[in-house]
Amino acid sequence: MDFSKWVLLISALYMLLLTTLSNCSLTPEELAEIPVNFLKFAKRPEISDWMVGIRRKIHENPELGFEEFETSKLIRAELDKMGIPYKYPIAITGLVGFIGTGKPPFVAIRADMDALAMQESVEWEHKSKVEGKMHGCGHDAHVAMLLGAAKLLQEHRHDIQGTVILVFQPAEEGGGGAKIMADAGILENVGAIFGLHVSSRFPIGTVASRSGSILAGSGVFEAVISGKGGHAALPQHTIDPILAASNVIVSLQHIVSREADPLDSQVSLSLSLSLSLSLSACVLVCVSGEVVTVAKFQGGNAFNVIPNSATIGGTFRAFSKEGLMELKQRIEEVITRQAAVQRCNATVNFNDPFFPVTVNSEELHQYFGNVARDMLGENNIIEMKPLMGSEDFSFFAEVVPGYFYYVGMQNETQGQLQPGHSSYFTVNEDALPYGAALHASLATRYLLEYQPKSTSSNGISHDEL
Ligand SMILES: *[C@@H]1O[C@H](CO)[C@@H](O)[C@H](O)[C@H]1NC(C)=O
Ligand SMILES: *[C@@H]1O[C@H](CO)[C@@H](O)[C@H](O)[C@H]1NC(C)=O
Ligand SMILES: [Zn+2]
Ligand SMILES: [Zn+2]
């Protein structure tokens, strides 16, 4: 069936739906055509080239968290051109757009907008024009994909059985922009939220995700260890903070190696190696790996002077809130007490709030599998292991059922891609139509398949409308 016939069919069915007020009355075959057609549509040059243009424009002008003013302006200009209403500003530069009836059910799809404080090393026509800033995580592609989805959805707005909320959030990279947007109430009455990330680990045309915990919760700490500086040749007149900090760092490594259950990481590893659907519930419970890393160590400027103090900082990760709180307590104890062994004092600061564990809803995992399978085929759906990385999407997924997945970019014939946060990171722009079509399909079918059974909920309206 070609695209225009599909549109006619959906419109006819929409009229049918209106008159019957039934739950989703499309057959599985008809539902299956939606993702296929959205992908075909998104791959058309007028859509894909437009997305590539947006992505490159944002790539040239990367902006850090809560400073995405030009990026946000560009998004609003495109939404204006498409006639999509939005609410702005939320969390300084963030915004939410609305497509559909303006009535329930509501479903949200999300993109992050911020870049990283790093220098791009890739030499190409659209290299970052800002010294020391780079879209090294692919959030430029995420914005282009969500705008692509907006275009697909807006062209089919009359087929949308409810309201799609487009979430453009600031400051994913450590700023917790998602928390501020969630606190502003953008997910009120929303049934589910979907978020994606481009990935150089998975082949183009594939998606990867899992049920339950997919990304770790994380916290950041910084400690100042103070002693008494002096001549490097007369250590007996000093209290050496460098030596104390060195011992602190070594002791911190013993928290995970001596206090975490050594079976935990093995259990999650062996289970993920032999993953099958029947085991997925167990993996959800068993995931419990932990990490403590000191990534920053500063102290002293001269070869022959013991400094007054040294500063260390790092990150810690766990797959439960309890695990994170335990790590936090032990990090503080180990730093202050180990510093005291060497007669130093220490103060420890933690960022607030911690990024929660990113947990995918089991029901949405099934739902995502159905939609992605219809679009990409059974063999292109990858069940992945959890990652120790973190995502502030987790703040959204704490408020409403959430689902986070990876969109593959690797194309063997084009050489190996560098991973995110590398100064050599590149985006395979062929992946843009996949992200746009997945966003649009997940939203459209969610609204069709999760229609409220009774009409009593018609009184609910979204706060923002
Ligand atoms: C540590 O703190 C105590 C109590 O404030 C103070 O007396 C001592 O001089 C401090 N030691 C160092 C090395 O800063
Ligand atoms: C992978 O790259 C080749 C060569 O550029 C291209 O012909 C092919 O379409 C690409 N595959 C996908 C799925 O984009
Ligand atoms: Zn990142
Ligand atoms: Zn990212």
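Computed from the coordinates by the stated procedures, all read-outs in this text should not be read as laboratory data. Computed from a predicted model, the values in this text were never measured in an experiment. Glycine also receives a Cβ, built like all others from the backbone with ideal geometry; neighbour counts cover every protein chain displayed.
Quick check: the distance between the Cα centres of the range 203-261 and the range 392-448, to the nearest angstrom?
31
Tell me, what HN-Hα J-couplings in whole Hz come from the Karplus equation 6.51 cos²θ - 1.76 cosθ + 1.60 at θ = phi - 60° for each residue of the range 427-442, using x for Gly and Pro?
9, 7, 5, 5, 7, 4, x, 5, x, 4, 5, 5, 3, 5, 5, 4
Starting from the 7 Å offset along Cα-to-Cβ, what nm value, one decimal, do you get for the label separation of residue 412 and residue 77?
About 4.2 nm separates the two model spin labels.
Which lysines does residue 129 reach when only Cα atoms under 17 Å apart count, and residues fewer than 8 places away in its own chain are ignored?
Reachable lysines: 57.
Which percent, to the nearest 5, of DSSP beta bridges fully inside the chain are antiparallel? Please report the intermediate quantities before stating the final value.
On the way: 42 of 66 bridges.
For the chain, the DSSP antiparallel bridge percentage is about 65.
Between residue 321 and residue 305, what is the label-to-label distance in nm when each label sits 7 Å out along the Cα-to-Cβ direction?
Modelled inter-label distance: 4.7 nm.
In percent, how large is the relative contact order of the chain, given Cα pairs closer than 8 Å and 6 or more residues apart? Walk me through the numbers on the way to the answer.
On the way: 987 pairs, mean separation 121.2, N = 465.
Taking the mean separation of contacting Cα pairs over the length of the chain, I get 26 percent.
Based on DSSP H runs of at least 4 residues, each adding -39500 (n - 2.57), what is the mean residue ellipticity at 222 nm of the chain after dividing by all its residues, to the nearest 500 deg cm²/dmol?
On the way: 13 runs with 187 residues, N = 465.
Using -39500 (n - 2.57) per qualifying helix, the result is -13000 deg cm²/dmol.
How high is the relative contact order of the range 53-169, in percent, counting Cα pairs under 8 Å that sit 6 or more residues apart?
Details: 217 pairs, mean separation 44.8, N = 117.
Answer for the range 53-169 is 38 percent.
Nothing charged except the Cβ atoms of Lys and Arg (+1) and of Asp and Glu (-1): what's the magnitude of the dipole of the range 136-227 about its Cα centre? Round to the nearest 20 debye. Write out the running numbers ahead of the final one.
Numbers: 5 positive and 8 negative charges, 54 e Å.
Once rounded to the nearest 20, the dipole reads 260 debye.
In debye to the nearest 20, how big a dipole does the chain give about its Cα centre with +1 on each Lys and Arg Cβ and -1 on each Asp and Glu Cβ? Don't jump to the answer; show the numbers that get you there.
Values: 34 positive and 51 negative charges, 60 e Å.
That gives the chain a dipole magnitude of about 280 debye.
Where a Cα-Cα gap under 25 Å defines reach, which lysines qualify for residue 228, not counting those fewer than 8 residues away within the same chain?
296
Can you list the lysines whose alpha carbon is less than 19 Å from that of residue 321, not counting same-chain residues fewer than 8 positions off?
Once the sequence-local lysines are set aside, what remains near residue 321 is 179.
Would you list 145, 409 from fewest to most Cβ contacts within 10 Å?
Numbers: 145 30, 409 27.
Fewest-to-most Cβ neighbours within 10 Å comes out as 409, 145.
With each label point set 7 Å from Cα along the Cα-Cβ vector, what nm distance links residue 117 and residue 388?
2.3
If you scale each eigenvalue of the Cα gyration tensor by 5 and take the root, what three semi-axes come out for the chain, rounded to whole angstrom and sorted largest first?
On the way: eigenvalues 407, 116, 84 Å².
Taking √(5λ) for each Cα gyration eigenvalue gives 45, 24, 20 Å.
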